Structure formats: structure tokens, C-alpha cells
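Reading through the C-alpha cells given below for one structure.
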Amino acid sequence: MDIDVKKTAPIGVFDSGVGGLTVAREIMRNLPKEDIVYFGDTARVPYGSKSKDNIIRYSRQIIHFLQTKGVKAIVIACNTASALALDTVKDEFDIPIIGVVEPGARAALAVTENKKIGVIGTEATVRSSMYEKIIKGINPEVSVIGKACPLFVPLVEEGFKKHQVTDEIIDYYLAGLKKSDIDALILGCTHYPLLRSKIREYVGEKITLVNPAYETAMDLKRILQEMDMENPDIEGDHGSYSFYVSDAADKFKQFANSILPYDIETTKQINIEEY
């Protein structure tokens with residue numbers, strides 16, 4: 001029996017750096033048969049402070065690169081690129097492309113009881129109001145409070161997740177949201193689930209934390225089912241995973257191995273500007 005080549009093709013996942021690994025991790029856990037090609041744009045991180053035009057240009061280059069790997073679908077595992085580039089690139093490429101913003105917004109709407117939702121993210125994500133636009137588009141009665149937390153990304157990337165300085169910065173950024181009457185908080189940057197336990201400890205139980213990384217993996221699963229593009233049974237207990245970066249491959253690999261369920265043996269550095 002011939003296996004449909006399209007079904008066995010990998011999923012492309014990209015992010016400005018290591019944050020999108022939280023999305024890759026959820027895909028590995030929830031869609032274990034799927035192969036993944038991951039690209040981290042470590043040379044140009046962070047995206048949160050870049051202009052919309054640049055983020056669209058970066059996203060196009062990365063999608064061109066992922067297409068050379070024959071991917072069947074692409075996940076933009078970056079809130080900033082999802083907010084600023086998704087609409088543009090979806091129209092330009094003939095391949096399913098999903099972002100992390102809409103799945104996160106829908107999940108927050110499903111859990112809020114008092115219709116007050118908080119969103120934390122990079123400056124670009126918060127400034128774009130993309131979460132608010134999607135949430136209000138579905139239910140105009142919901143109020144959304146956004147808060148940019150730019151220092152969370154370097155804290156995670158430099159390995160400060162358990163450090164006291166992280167507690168202080170969480171307090172600095174989230175004190176206002178903690179005092180507000182939100183009952184759902186979207187972790188609107190893919191790095192933030194790595195601070196989830198610290199954030200949970202700080203905001204307490206009355207606020208439900210929404211992890212768009214998990215919701216995105218669930219969306220991807222649904223889309224593959226609908227399009228009849230799920231990978232059939234494979235040998236071994238999980239798919240094959242390959243990782244590419246635009247800089248600092250060893251540092252990326254070390255970080256990836258600290259958070260992913262399976263060890264990465266190699267990470268390849270490429271010149272993304274060629275795409």
C-alpha cells in the first residue's frame with residue numbers, strides 16, 4: 001500500500017528563537033506521529049521590538065526555507081509574528097499556516113467567567129492589540145487588559161527561570177494585573193509558559209492561565225484531521241525532529257535539551273538571508 005507522501009511530510013514550526021520550542025513540545029506530546037522541522041531565528045531575536053515590515057520579511061524568508069524541507073503545514077510559534085505577519089503570509093503561500101494568537105484568544109474566552117481577560121506579551125504583541133481584536137470580534141462585551149513584559153524573554157533565555165530576580169520582575173510587571181479583577185491571563189509569548197509555575201504562584205488560583213502553545217497544538221491536530229493530512233502509524237514512539245537556527249546553534253541545542261521531551265542531537269546553522 002502506498003503511503004501518501006503529503007501525509008508523511010513534516011510540520012514546519014518557526015519562532016524568533018527558543019520560545020517556540022514550547023509549541024514544538026506540545027506538538028511532540030499531542031501529535032507524536034508527526035515529524036517536525038523547527039527554525040529558530042536566533043540571529044535576529046527578539047522580534048518584539050522590530051517593525052511590522054521587518055517581521056513580515058523575516059517570516060517570508062523562513063517560510064521559503066521551510067518549504068525547501070517539504071513541509072505540509074506551518075505553525076508560526078511566535079506571538080509577535082502571528083500578530084503582525086500571519087494575515088499577510090497566509091494569503092501569499094498555498095499551504096496551511098496557523099499562528100498562536102487565535103487559539104489562545106479562543107481558549108481564554110472559553111474559561112473567563114467575568115469577561116475580563118489579561119494578556120501579557122512582548123511590546124509588539126501588546127501594541128498590536130491582536131488578542132483584543134480577536135476576543136472582541138467573538139464577544140464585544142469582554143474587556144482585555146494588555147501588559148508588555150519585555151524582560152521575561154531574556155530571563156528565560158539566560159536561564160534565570162528560578163532566580164530571585166525573576167520573582168522581582170514578575171512582581172514589577174504583574175502587580176497591576178494581580179490587583180485587577182481579570183479571571184483569565186493569556187501567556188501571550190511562547191517563552192512565558194517556561195515561567196508558568198512562577199506566574200501561577202504570583203497571581204494565585206483565582207486567575208486561570210491560558211497557554212496558547214497547547215491550544216495551537218490542538219488546533220493543528222484538528223486542521224490535519226479535517227484535511228486528512230495526519231501522519232499514519234510510524235516506527236518508534238515518536239516522529240523525527242530536525243532543528244535549524246540562524247545563529248548560536250550550540251546554545252540553542254543546550255536550551256532545547258533542557259525543555260523538550262526528547263534530546264536533540266544536532267542543530268544546524270543556516271544563512272536565512274539567502275531565502
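The values are calculated or read from the model by the stated rules, or taken from the named source; none is laboratory data. Everything quoted here is computed from the prediction, not taken from an experiment. Cβ placement follows ideal geometry from the backbone for every residue including glycine, while neighbour counts extend to all protein chains displayed. Ligands, DNA and RNA are excluded from the accessible area calculation, which covers all protein heavy atoms including side chains. Shrake-Rupley method; radii C 1.70, N 1.55, O 1.52, S 1.80 Å.
Here is how the numbers come out for the structure above:
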quantity	calculated
The chain, accessible surface, carbon-and-sulfur percent (1.4 angstrom probe)	47
Angle in degrees between helix 249-259 and the longest Cα principal axis of the chain, rounded to the nearest 10	60
Value of relative contact order over the range 22-88, rounded to a whole percent, pairs C-alpha under 8 Å and six or more apart	36
Cα long-axis angle, helix 212-226 against the chain (0 to 90 degrees, to the nearest 10)	40
Using alpha carbons only: equivalent-ellipsoid semi-axes of the range 118-196, gyration tensor based, whole Å	24, 14, 9
Neighbourhood charge, 12 Å Cβ-Cβ cut-off, centred on V100 and excluding it, Lys, Arg +1 and Asp, Glu -1	-4
Degrees, to the nearest 10: 164-179 long Cα axis against longest axis of the chain	60
Cα-Cα separations in the range 32-149 greater than 24 Å, expressed as whole percent	31
Relative packing of peptides 241-251, 79-89, 197-207 - highest average C-beta neighbours within 10 Å first	79-89, 241-251, 197-207
Kirkwood Rh, angstrom, the chain [1 / mean 1/r, Cα pairs]	18.8
Coarse-grained scattering of the range 158-275 at q = 0.11, 0.19, 0.22 Å⁻¹, given as base-10 log I(q)/I(0) from a Debye sum over alpha-carbon atoms	-0.59, -1.16, -1.24
